[in-house]
Amino acid sequence: MRINRVKLIFFSPTGSTRRIAEEIAKGVNVPVERVDLTRPEAKTRDFEEFGRDLTLISSPVYAGRIPVEVLNRLRRLKAHSTPAVTLVVYGNRAYEDSLIELTDLASELGFKPIAGAAFVAQHSFSTPEVPIAAGRPDVSDLTKAREFGTQIRDKLLASKNIDDISPVTVPGVRPYRDEFRKSRAPKPGAEPAAPNTKNELCTKCGNCVEACPNEAITIGTAVETNRQACMRCYACIKCCLTGARVMSHPFFAREARWLHDTFPERKEPETYL
């Protein structure tokens, strides 16, 4: 089956998910078209139906699942027997049922998943004092991503058409487990954890407003964060040039220490064809 182009669909607030997807595309070695679901306008954007081009659908993992906001944006897509690769990126704890959840949704939307993968990236809560998968994806990860892309290309080229290609089987259970997400959620009545701003360092440049996928940040006399809308994706902190955006809520320090101490071993990428 000839591959003319690969389309990258990604939600990537801090860039790690997109970076791994780009490396996989390098291994496929065809022209690339990108569909960025990260910006708020993706909530209401209308998309043309996807055709026969290979499509890579990628998402970060939050508490072992695909974030609800990502699912909502993906549900605006539609396809017809479009060969697809599903990719989830997690912070070295576990991806649990996220890959099968993303793969099931891709099938529901009209894609035909022919490969899947789970890769590791530095956790959003990682700090120099409490590193969690620090520096990842690293050279080894990116090399494996390109090799996976080459394997995907070879699988497609070995078949005459999409109907000849066997669908991928990925790990996970149905119904999807939600115990971990519930166990780490704030207690009823507690203030939701979200980054805040050190006003003495803030220049009101607006970078955090532009970076937020959920339009949770506004600037008036001070920078305000809608804690209910915050996804805790870390994008605003990563883009802040003065260090004014910080995660001072005790939730972040507690979770970071637990992740660092409980999951010290290096997890490697897992690929499925």
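Bear in mind these aren't lab numbers, they're just calculated from the coordinates by the rules spelled out. In this text the structure is predicted, and so the values were computed from the model without any measurement. Positions of Cβ are backbone-derived with ideal geometry, glycine not excepted, and every protein chain shown enters the neighbour counts.
Of His123, His260, how do they rank once you tally other Cβ atoms within 10 Å and put the fewest first?
His260, His123
Taking percent of Cα pairs over 36 Å apart straight from the coordinates, which label in [x] 22; [y] 15; [z] 40 is the correct one?
[y]
Go through Lys112/Lys238; Lys43/Lys155; Lys26/Lys267; Lys155/Lys238; Lys78/Lys238 and tell me which ones have a Cα-Cα distance over 30 Å in this structure.
With Cα atoms farther than 30 Å apart: Lys112/Lys238; Lys43/Lys155; Lys155/Lys238; Lys78/Lys238.
With charges only on Cβ, +1 for K and R and -1 for D and E, what is the dipole size of the stretch 194-248 about its Cα centre, in debye, rounded to 20?
160 debye
For the chain, modelled as a GNM with alpha-carbon contacts under 10 angstrom, which of Gly220, Gly15, Gly149 fluctuates the most?
Gly220
Run through the DSSP bridge list for the chain and note the antiparallel percent, rounded to the nearest 5.
About 25 percent, rounded to the nearest 5.
Place the peptides 50-58, 205-213, 171-179 in order of packing, highest mean first, counting for every residue the other Cβ atoms within 10 Å and averaging per peptide.
Highest-to-lowest ranking by the protection proxy: 50-58, 205-213, 171-179.
Name the residue from Val30, Val223, Thr262 whose Cα lies farthest towards the positive end of the charge dipole of the chain, charges +1 on Cβ of Lys and Arg and -1 on Cβ of Asp and Glu.
The listed residue farthest towards the positive side: Val223.
Taking a ≥ b ≥ c as the square roots of the Cα gyration tensor eigenvalues, with a/c under 1.5 meaning rounded and otherwise prolate when a/b beats b/c, else oblate, which class fits the stretch 69-166?
oblate
For the stretch 133-269, what mean projected area does the convex hull of the alpha carbons give, in nm²?
Answer in nm², one decimal: 12.9.
Looking at the stretch 186-255, which trypsin sites (Lys or Arg not before Pro) are DSSP coil and have at most 15 other C-beta atoms within 10 Å of their C-beta?
Lys198, Lys204
Over what distance in Å are the Cα centres of the stretch 255-273 and the stretch 194-247 separated?
Using only Cα atoms to place each centre, the spacing works out to 27 Å.
Grab the Cα-Cα distance for Arg266 and Asp46, subtract it from 0.36 nm times how many residues apart they are, and report the gain in nm with one decimal.
Fully extending the segment from Arg266 to Asp46 adds 75.2 nm.
Do the sum for the chain: with -39,500 (n - 2.57) for every DSSP H run of n ≥ 4, divided by all residues, what is the mean residue ellipticity at 222 nm, to the nearest 500 deg cm²/dmol?
-8500 deg cm²/dmol
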